[in-house]
Amino acid sequence: MTTEFRINNFDLLRIVAATQVLLGHSATHLGLALPAGWQFVLAFPGVPIFFTISGFLISASYERSSSLANYASNRVLRIAPGLWCVVFATATVAALFGFDFLHFRALVWLLCQMVGVIFTPGFLKSFGFGHYNGSLWSIPVEIQFYFLLPFLYWGGKRIEQRRNALLFIAWVIFLTASVFVAKVWPPQPENVLEPLTHKLLGFSFVPHFYMFLSGVLLQRWQAYRSPWIAGKGLLWLMAYLLGHFTLMSAGSLHTVVVMPLLAVTTISMAYTAPQLSQWLLRGNDISYGVYIYHGLVLNVLVEMGYLGNWFYMLPVVGMTFLAGALSWRYVERPFLRRKRQTIHVVANGSF
């Protein structure tokens, strides 16, 4: 992999995306009055940004993998250790609040979470805001992306140009599917009970795969060295914001026009002043820990009745970032050093 590919701002973009999710969930679950300008925070949805970055980097990682087993083991090392720790941390904290885990249902739940089958069991429905860790819904979606990517590559393996064409056709199909799903089963507020079929569809790859494929295509088209994208982050950012605020109430048109713009903007920002991330973060990527632990921290505050005051945002952010830093240093980074043929060498903490 070339040096120009390796030097990027993805670590920085991921922590920004994780912080956006943290702020959005905190405002919702703590019952906070939204300040002026909050629409600007909502303009950068963290999960689609994560999916785009994932598609970009994981497709490159797959292309470099020596075998399918190598690719799979690297994905497990990235996702599983942090997930297992946050699940056991959740069980420990919930037990301290009096929730009973000494029964068969709890064992089944723990085993399911270990393999990425994420759900909140009935005996935890009254813990915090009703979901043991709402942000983990994206983990099974991400695992489905990992599973599907080799099949897409296999379908176009005979001719390189055919592979890109197949990926583009898949992108169009799943972008269309996302629009269709949003029209037929529009997203519901978190406090509204969704039908099981609606919920299962949301946990599937179908409405989200186009953002992952956006990253895959931009990697395949070498956007990191394109004179139209690399170094043009601020221009793409302005174009995205203009499109977002112009079309934010346009429904399907917003998805079709603005979300691809967000994907291009994400990759462009990654390769604009690409040394910035290393300068600020020194190779430390706490974004995954921030993302997976903020729901647990919020549940603790909700369980303790700390609601309705923006002051409570301070301990949420502080404790979440501390949890993310500890997860990175003592769980994620040690396991990432066991990866083979990673995109970045994990010597100083980057990957």
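Every number in this text was worked out from the coordinates using simple rules, so none of it is lab data. Everything quoted here is computed from the prediction, not taken from an experiment. Here Cβ is always computed from backbone atoms with ideal geometry, including for glycine, and neighbour counts include all displayed protein chains.
Show that you can apply the helix-only estimate: for the chain, add -39,500 (n - 2.57) for every DSSP H stretch of four or more residues, divide by all residues, and state [θ] at 222 nm to the nearest 500.
Rounded to the nearest 500, the figure is -20000 deg cm²/dmol.
Compute the long axis of helix 46-64 from its Cα atoms, compare it with the longest principal axis of the Cα atoms of the chain, and write down the angle in degrees, 0 to 90, nearest 10.
It is inclined by approximately 50 degrees.
How far is the Cα center of segment 63-101 from the Cα center of segment 117-135, in Å?
What the calculation gives is 17 Å, centre to centre.
Taking the Cα centre of segment 1-88 as origin, sum charge times position over the Cβ atoms of Lys and Arg (+1) and Asp and Glu (-1), and report the length of that vector in debye to the nearest 20.
140
Can you compute 3J(HN,Hα) from phi for each residue in segment 86-94, using the Karplus curve 6.51 cos²θ - 1.76 cosθ + 1.60 with θ = phi - 60°, rounded to whole Hz and x for Gly and Pro?
Result, rounded to whole Hz: 5, 5, 5, 5, 4, 4, 5, 5, 4.
When the Karplus curve 6.51 cos²θ - 1.76 cosθ + 1.60 is applied with θ = phi - 60°, which whole-Hz ³J(HN,Hα) does each residue of segment 241-248 get, with x for Gly and Pro?
Using θ = phi - 60°, the values come out as 4, 4, x, 5, 6, 6, 10, 4 Hz.
Apply the Karplus parameterisation 6.51 cos²θ - 1.76 cosθ + 1.60, with θ equal to phi minus 60°, to every residue of segment 261-275 and state each ³J(HN,Hα) to the nearest whole Hz, in sequence, with x for glycine and proline.
Values per residue, Gly and Pro as x: 4, 4, 4, 5, 4, 4, 5, 5, 5, 5, 10, 10, 6, x, 7 Hz.
Running Debye on segment 213-285 with equal point scatterers at the Cα sites and no solvent, what base-10 log of I(q)/I(0) appears at q = 0.16, 0.20, 0.27, 0.28 Å⁻¹?
Debye intensities relative to I(0), on a log10 scale: -0.62, -0.86, -1.13, -1.16.
Towards the positive end of the charge dipole of the chain, with charges on Cβ (+1 Lys, Arg; -1 Asp, Glu), say which of PRO121, LEU166, LEU77 has the farthest Cα.
It is LEU166.
What residues have an amide H closer than 5 Å to that of GLY128, excluding those fewer than 5 places away on the same chain, when H is modeled at 1.01 Å from N in the peptide plane?
It is GLU303, by chain and number.
Just how many % of Cα pairs in segment 1-100 lie over 15 Å apart, if you round to the nearest whole percent?
I get 76 percent for the Cα pairs in segment 1-100 exceeding 15 Å.
Mind telling me which of GLY98, GLY308, GLY318 comes out most flexible in a GNM of the chain, alpha-carbon contacts under 10 Å?
Among GLY98, GLY308, GLY318, the largest GNM mean-square fluctuation belongs to GLY98.
If exposed means no more than 13 neighbouring beta carbons inside 10 Å and the site is in a DSSP loop, what's the longest run of the chain without any exposed trypsin sites (Lys or Arg not before Pro)?
1-124
Put +1 on the Cβ of every Lys and Arg and -1 on every Asp and Glu Cβ in the chain; which of PHE51, TYR306, LEU336 then has its Cα farthest towards the positive end of the dipole?
Positive-end residue among those listed: LEU336.
Please quote Rg/Rh for the chain to two decimal places, taking the Kirkwood radius as Rh and restricting both calculations to Cα atoms.
Result: Rg/Rh = 0.95.
Once both axes come from the Cα atoms, what is the angle between helix 287-303 and the longest principal axis of the chain, in degrees from 0 to 90, rounded to 10?
20
With axes computed from alpha carbons, what is the tilt in degrees of helix 160-184 against the longest principal axis of the chain, rounded to the nearest 10 within 0 to 90?
Helix 160-184 sits at roughly 40 degrees to that axis.
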